[in-house]
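The values are calculated or read from the model by the stated rules, or taken from the named source; none is laboratory data. Remember, predicted model here, so these are calculated numbers, not experimental data. Cβ sites come from the backbone with ideal geometry, for glycine too, and all protein chains shown count toward neighbours. For accessibility, only protein heavy atoms count, side chains too; no ligands or nucleic acids. Shrake-Rupley method; radii C 1.70, N 1.55, O 1.52, S 1.80 Å.
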Amino acid sequence: MKLRFVGPVCCALLASGAAGCVRTSDGSIEPAYAPAMGRAGPLPVVTLQPVRREVSDTLRYRPAPVPEPPAEAYASPPVYRAPQRRAVQVEATPLASTVACGPTQSAAGRVRVECR
C-alpha cells in the first residue's frame, strides 16, 4: 500500500525542483519555468519551458519618483521672557544688644530654655 504513493511523491518533488524561481538582474523574482501547451503526436501535452525575456523587458527604465512638495515657511511663535527680577537690597542695622539663651529650672523642677 505504501509503494502506491512513492511514484506520485517522486514526480511532485522533481516537478517542484524544476519549477523553481529565479532572481533577475533588477532584483525581482520570477519563475524559471512556465507551463506551455505542446503536442506529442495527436495528444496535447503540458510541458515546462524556461522563461526567456528580452533584455529590454528586464532592464527598462523606471519612472522618476514624484517630487516632494516644497517646504512651507514656518514662523516660530514669539518667546515669552519673564521680566528680570532685581535683588532687594536690605540695609544692615547693627543690633544694640545681644540675645543670651540658657537653661533655667522652675520651682516645680521643670527645666526650660529662656532667652533674654
For the pair ARG4 and THR98, the simple spin-label estimate (label points 7 Å beyond Cα toward Cβ) gives in nm 12.0 nm
Quick one: 3J(HN,Hα) in Hz for the range 39-46, Karplus 6.51/-1.76/1.60 with θ = phi - 60°, rounded, Gly and Pro as x. 10, 10, x, x, 9, x, 10, 8
Efficiency of FRET between VAL66 and THR24 - r from beta-carbon atoms, R0 35 angstrom, step 0.05: 0.85
Given the protein chains as shown and a 1.4 Å probe, how many square angstrom of LEU43 are accessible, to the nearest 10? 110 Å²
Residues meeting the amide H criterion for VAL51 (H placed from the backbone, H to H distance under 5 Å, 5 or more places apart or on another chain) are TYR33, ALA34
